[in-house]
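Undergrad: After the structure tokens below, expect a handful of questions from me.
The values are calculated or read from the model by the stated rules, or taken from the named source; none is laboratory data. As the structure is a computational prediction, the values presented were derived from the model and not from experiment. Here Cβ is always computed from backbone atoms with ideal geometry, including for glycine, and neighbour counts include all displayed protein chains.
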Amino acid sequence: MATHRSSRWSQRRLAPWLFLAPGALLFLLYVIIPIGQSIWISFYDWDGLGAAKWIGLRNYIDLLDDDSFYTSLKNNVWWLVLYLLAIPAGLAIALFLNQTVTGIRLYKSLFFFPFVISQVVVGLIFSWFYAPDFGLLPRILGFFTGSETAILADERYATFGIIAAGLWPQIAYCMILYLTGLNNINPEQVEAARMDNAKGFAMLWHIVIPQLRPATFIALVVTVIGALRSFDLVSIMTAGGPYGSTRVLSYFMYEQSLSEYGTAMGYGAAIAVVLFAIMLVFISLFITRMLMQERNG
Amino acid sequence: MFPRPIQKSPPWLQASYKVLLPIALIIWLLPLIGIAVTSVRPSSDLAAGNYFGWPTRFAGVENYTAVFQNSNIGWYILNSFKVTIPTVIGAVGLSCLTGFALAVYKFRFNLAVFFMFVAGNFVPFQILAIPVRDLTLKLGLYDSITGLVLFHVAFQTGFCTLFMRNFIKALPFALIESARVEGVSEWKIFRHIVLPLMRPAIAALSVLIFTFVWNDYFWATIMAQSADVRPVTAGMNELKGQWKVAWELITAASIVAALPPVAMFFLMQKHFIAGLTLGATKG
Amino acid sequence: MAEVTLRAITKSFGDVKIIKGVDLQIADGEFCVFVGPSGCGKSTLLRMIAGLEDITSGSLSIGGKEMADVEPADRGVAMVFQSYALYPHMTVKDNISFGLRMTGHKQADIAPRLTRAAEMLQLTHLLDRKPSQLSGGQRQRVAIGRAIVREPGVFLFDEPLSNLDAALRVQMRTEIGKLHADLGATMIYVTHDQVEAMTMADKIVVLNGGVIEQVGSPLELYHRPRNLFVAGFIGSPKMNFIPGTAAPAADGKIAVTLKDGTQLTLDGRGAKLSSGQPVTLGIRPEHLAPGQDGLKATVKLAEYLGSETMFYAALADGSEIAVKADGLAKAAIGSALSIGLNPAACHLFNADGVAIIHGDLTR
């Protein structure tokens, strides 16, 4: 009896670790430990093959002197700021589609469509859309302004052109989050507010948006993360050009360390660490909020 | 309930809403419609400058055939499946276990482990890239399907664990307590009570992870070199360089590459959206 | 033999003490009900007996064996949960037999137990249904069936009827009572509904704020409540409490002066008290006689229930009093009502709320 008892007891103690082990070990090996390794590598001068040489903060100091770094950083800020437009835009479309007319389900699916497509394909679609001479957008713009602009070839516009392409699926994502949120709004609260004579924008602002807070939080998380992760579109649409004007930190890092000619592992790692540090600010905010929810729930 | 149902509006507004819907959709999908039309255009149209008019004839069959004949895209798509399907099985399987552990047991580092998964899931890929590529090289798995799958499984386990843990947490805990009072072992509780109830979560995650991994471009680019490993996303970039201005081919290939996740989405729409929006309604 | 003994049991969650020292003896075969307001610790106490919560200090034994380190499954107990905790993906049959199958019982052993439990609970025709296809009462029976097949020494019920409608609740109450008679097992039953407690229990344990207020048979608690809390909790409608003062009088009697000035003389029954000490007089609405001489009150509200009439009235000093009258009694709102008061039915509590005199009509 005694051994039986203790075996059950230890079973309960041991069980979570056994259930966790395979997933957690793999995650440690491929995600958590590499973060530390990258930070470590960023203090070395290393070409990826030969011996690595400790150079302390040299890579970071070099970054401060690198114009490409500032360009990337500036573009990352643009990405972050403009990407946030996906949230109100997604809400607007969700409000537009939150009706029950025939076929509305299909409309909702088709509006969501861009999110399902790979960013590579989105990039190609927009490259075509923007293409000079025959692209749809230059034609439309040309019709109004009289002169056709090759958006992706123009340093002034290229980054914004890429961001617009990125917004397309991101708006779709935010829209679906809000549609689900709207679906779960407490109808009695809306009715009560109607009795209180709240209408239109007042209703939206005071009654609906507060109830959509969970959706807004998730939309914010995925949008911020998406903006800082932007890599695919830059790579597909301009490969950082023209003249490196559309680089972002993630692409800059790729150029330095991972591309065909990139062998500056230490330097690339330093760029990655900077990007990680920026992300860490947001990750900490998100985690803090989730932790608070966890404590309260 | 918000905005006010259109049925309660005056007839003219209802009518204009019904007109506006398809117009808005067409504008929204204009880029997509554009490439779909281009992909069935004969190349002579493009050469003659007929980019927007009605195609002079339907060249879909020849364009799509050409895509498969002139490129390795068939291979690339096969590679994508070879990477994606094992990843889905691996990540969803592992996260059933981790999610169960984190949702059901109280132990000291529970929240710490949970937030390790959550935080890891948010990090930029670039901070993992050099060490992961190194590790894969050392394991002798560089430029192999297995190497890509291992990484994807590990990384996606983060998101999947978040999802599964929250899903199991929402199940009534009395189910587990009741089984414990009956003397059911922990593994059997997992196997016979919790796992069967996780079916909707497994379905939702499977479609989501399928889409995420299928659409991955960064890892496909840095971990695969040869044509018999390269997934279709990385392959598309290569084709773009190869075909340059043959847009009727590029667009056709784009559509082919996008098709599997799109099909997945339309077949499993309910699960897909349930998965994406988990947490959008409570908290 | 499955008697349950609790000695100095306490339970803390962090710094919060939920159970503050409970001593209790439940005899083999007894039907014991834990009752109390929400948050009193009754469910926690039950879950500690089940082994679902650790015991912070004190000792628990079932059938004479110490249970501190014994897993729930090995305690010889079965539990019926408030939510029933039916496995939604299993049929009734599988739900009932699941525990037995998982703990290695042979099919030959499971089948007769299943049949017997199903017959006992009239579930035989429902065995192949899923929980979602059952009514509330049927689900409840499945949950009980799951407990029965384990043939435990002790059944634990955690507010099992709270999800049922009123009519079904009455029916299930008698069914559980019958089951107790048939099985002869020890049953511990948690409820916040004092009517359920009164109708089912051999022994009621009244809990409040993590301590036992009183243990006794239903009638004992009704007639001899030990303090104001029990007096107010047991009995419906609630006992009236009227503040006043008391002083010893001749022949061992006690003179009570209520706040509105009414004078009363009660049988002292040996109680000792000092002159002019503040007291609370307790009297149940059903022991008041409207229309007879006694308290002078004004009717504020009348409820005509057919079988009886409830008057809610106010005394001169504003204290409120509820009176249960014959179903034919009538009084206009605002009219004067004279209320006769049987001294033998009066309870007296001191300033600490402890009973000095029991208005026990049974003696």
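Undergrad: Could you please tell me which pairs satisfy a Cβ distance under 8 Å, a separation of 6+ or placement on different chains, a first residue in segment A:90-116 that is within 8 Å of another protein chain (Cβ to nearest Cβ) and over 21 Å from B:Phe265 (Cα atoms), and a second residue that is in a helix (DSSP H, G or I) and of a type in the set (D, E, K, R)?
TA: From segment A:90-116, the pairs are A:Val101/B:Lys18.
Undergrad: Need pairs with beta-carbon distance below 6 Å; first residue within 11 Å of chain B (Cβ to nearest Cβ) and within segment C:62-74, second in a loop (DSSP other than H, G, I, E, B) and of a type outside the set (A, V, I, L, M, F, W, C); sequence gap 6+ or separate chains.
TA: C:Pro72/C:Gly51; C:Ala73/B:Gly183
Undergrad: Let me ask something else about it. Can you tell which of A:Leu152, A:Leu228, A:Leu212 is surrounded by 21 or more Cβ atoms within 10 Å (Cβ to Cβ), over 20 Å from the mean Cα position of the chain (by Cα), assigned by TED's automatic domain parsing to the domain that holds A:Pro132 and modelled with pLDDT of 90 or more?
TA: A:Leu212
Undergrad: For segment C:255-288, what are the residues that are within 12 Å of C:Leu341 (Cα to Cα), modelled with pLDDT of 90 or more and in a strand (DSSP E or B)?
TA: Hits for segment C:255-288 are C:Leu281, C:Gly282, C:Ile283, C:Leu288.
Undergrad: Then there's this: Can we say B:Ala234 is out of contact with any Phe, Trp or Tyr (no Cβ under 9 Å at 6 or more places or on another chain), buried (at least 20 other Cβ atoms within 10 Å of the Cβ) and in a helix (DSSP H, G or I)?
TA: no
Undergrad: A follow-up question, please. Spot the failing condition for B:Pro200; the list is (1) more than 10 Å from chain A (Cβ to nearest Cβ); (2) under 27 Å from B:Ala66 (Cα atoms); (3) surrounded by fewer than 18 Cβ atoms within 10 Å (Cβ to Cβ), and only one is missed.
TA: The number of the failed condition is (2).
Undergrad: In addition: Got a sec? Which helices (runs of 4 or more DSSP H) wholly within segment C:38-132 have at least 2 residues that are under 25 Å from C:Ile9 (Cβ atoms)?
TA: In segment C:38-132, the matching helices (runs of 4 or more DSSP H) lie at C:42-50.
Residue-by-condition table, conditions (1) touching a helix residue (DSSP H, G or I) at 6+ places or on another chain (Cβ under 6 Å); (2) more than 11 Å from every other protein chain (Cβ to nearest Cβ):
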| position | (1), (2) |
| --- | --- |
| B:Gln7 | no, no |
| B:Pro11 | no, yes |
| B:Val19 | no, yes |
| B:Leu30 | no, no |
| B:Gly34 | yes, no |
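Undergrad: If you don't mind, another one. Within segment B:186-240, track down each residue that is of a type in the set (Gly, Ala, Ser) and in contact with a His (Cβ under 7 Å, 6 or more places away or on another chain).
TA: B:Ala203, B:Ala204
Undergrad: Could you tell me whether B:Ser95 is surrounded by 17 or more Cβ atoms within 10 Å (Cβ to Cβ) and facing chain A (nearest Cβ under 7 Å)?
TA: yes
Undergrad: Which one of A:Ala198, A:Ala202, A:Ala164, A:Ala131 is under 30 Å from B:Ala36 (Cα atoms) and either at pLDDT below 90 or polar (S, T, N, Q) (or both)?
TA: A:Ala131
Undergrad: So A:Val121 passes all but one of these: (1) without any contact (Cβ under 8 Å) to a residue 12 or more places away in the chain; (2) facing another protein chain (nearest Cβ under 7 Å); (3) surrounded by fewer than 24 Cβ atoms within 10 Å (Cβ to Cβ). Which condition number does it fail?
TA: Only one criterion is unmet by A:Val121, namely (3).
Undergrad: In segment C:296-323, which residues are modelled with pLDDT of 90 or more and assigned to a loop (DSSP other than H, G, I, E, B)?
TA: Of everything in segment C:296-323, those that are modelled with pLDDT of 90 or more and assigned to a loop (DSSP other than H, G, I, E, B) turn out to be C:Leu305, C:Gly306, C:Ser307.
Undergrad: While we're here: Criterion first (more than 14 Å from chain C (Cβ to nearest Cβ), assigned to a helix (DSSP H, G or I) and touching a residue at least 12 places away in the same chain (Cβ under 8 Å)) does B:Thr146 satisfy it?
TA: It is false that B:Thr146 is more than 14 Å from chain C (Cβ to nearest Cβ), assigned to a helix (DSSP H, G or I) and touching a residue at least 12 places away in the same chain (Cβ under 8 Å).
Undergrad: Identify all residues within segment C:11-28 that are assigned to a strand (DSSP E or B) and either surrounded by fewer than 17 Cβ atoms within 10 Å (Cβ to Cβ) or in contact with a helix residue (DSSP H, G or I) (Cβ under 7 Å, 6 or more places away or on another chain) (or both); write none if there are none.
TA: C:Lys11, C:Ser12, C:Phe13, C:Val16, C:Lys17, C:Ile18, C:Ile19, C:Lys20, C:Gly21, C:Val22, C:Asp23, C:Gln25, listed by residue number.
Undergrad: Can you name every residue in segment B:15-42 that is of a type in the set (Ser, Thr, Tyr) and either over 16 Å from A:Arg105 (Cα atoms) or exposed (fewer than 14 other Cβ atoms within 10 Å of the Cβ) (or both)?
TA: Listed by number, the residues that qualify are B:Ser16, B:Thr38, B:Ser39.
Undergrad: Among the residues that make up segment B:57-75, is at least one of them crowded, with 19+ Cβ neighbours inside 10 Å and either touching a His at 6+ places or on another chain (Cβ under 6 Å) or within 11 Å of another protein chain (Cβ to nearest Cβ) (or both)?
TA: Taking every residue of segment B:57-75 in turn, none turns out to be crowded, with 19+ Cβ neighbours inside 10 Å and either touching a His at 6+ places or on another chain (Cβ under 6 Å) or within 11 Å of another protein chain (Cβ to nearest Cβ) (or both).
Undergrad: Any residue at all in segment A:47-59 that is away from chain B (no Cβ under 11 Å) and part of a helix (DSSP H, G or I)?
TA: So far as segment A:47-59 goes, yes, one or more of its residues are away from chain B (no Cβ under 11 Å) and part of a helix (DSSP H, G or I).
Undergrad: Give segment B:98-138 a look and list any residue that's more than 9 Å from every other protein chain (Cβ to nearest Cβ), part of a helix (DSSP H, G or I) and free of Cβ contacts under 8 Å to residues at least 24 places away in the same chain, or say none.
TA: Scanning segment B:98-138 gives B:Ala112, B:Leu137, B:Lys138.
Undergrad: Pairs please, first residue from segment C:1-13 and among the hydroxyl-bearing types (Ser, Thr, Tyr), second anywhere and surrounded by fewer than 17 Cβ atoms within 10 Å (Cβ to Cβ), Cβ atoms under 7 Å, 6+ apart in sequence or on different chains.
TA: Close Cβ pairs (under 7 Å, with a partner that is surrounded by fewer than 17 Cβ atoms within 10 Å (Cβ to Cβ)) amount to C:Thr5/C:Gln25; C:Thr5/C:Ser61; C:Thr10/C:Lys17; C:Thr10/C:Lys20; C:Thr10/C:Gly21; C:Thr10/C:Thr56; C:Thr10/C:Ser57; C:Ser12/C:Thr56.
Undergrad: Only one of these is in contact with a helix residue (DSSP H, G or I) (Cβ under 6 Å, 6 or more places away or on another chain) and among the acidic types (Asp, Glu): A:Asp62, A:Asp66, A:Asp45. Name it.
TA: One residue alone meets the criteria, A:Asp45.
Undergrad: Now for a different question. Please find, among A:Val273, A:Val281, A:Val221, the residue that is part of a helix (DSSP H, G or I), surrounded by fewer than 20 Cβ atoms within 10 Å (Cβ to Cβ), within 9 Å of chain B (Cβ to nearest Cβ) and not charged (D, E, K, R).
TA: Only one candidate passes the filter, namely A:Val221.
Undergrad: Can you name every residue in segment C:309-363 that is hydrophobic (A, V, I, L, M, F, W, C) and without any contact (Cβ under 8 Å) to a residue 40 or more places away in the chain?
TA: If the condition is that a residue be hydrophobic (A, V, I, L, M, F, W, C) and without any contact (Cβ under 8 Å) to a residue 40 or more places away in the chain, then C:Phe311, C:Ala313, C:Ala314, C:Val323, C:Ala325, C:Leu328, C:Ala329, C:Ala332, C:Ile333 are the ones that fit.
Undergrad: Having 1 or more residues that are closer than 30 Å to C:Arg269 by Cα and in contact with a strand residue (DSSP E or B) (Cβ under 7 Å, 6 or more places away or on another chain) is the bar; report the strands (runs of 3 or more DSSP E) wholly within segment C:155-235 that clear it.
TA: Filter on segment C:155-235 gives C:203-208, C:211-216.
Undergrad: Confirm whether A:Arg139 is at negative phi and either more than 13 Å from chain B (Cβ to nearest Cβ) or in contact with a His (Cβ under 9 Å, 6 or more places away or on another chain) (or both).
TA: No: the conditions fail for A:Arg139.
Undergrad: When only residues in segment C:133-154 that are of a type in the set (A, V, I, L, M) and not in a loop (DSSP other than H, G, I, E, B) count, which is surrounded by the most Cβ atoms within 10 Å (Cβ to Cβ)?
TA: Looking at the filtered set, the residue picked out is C:Ala147.
Undergrad: If you don't mind, there's one more thing I want to ask. Can you tell me which residues in segment A:10-32 are more than 7 Å from chain B (Cβ to nearest Cβ) and over 14 Å from B:Asn110 (Cα atoms)?
TA: Passing the criteria: A:Ser10, A:Leu25, A:Leu28.
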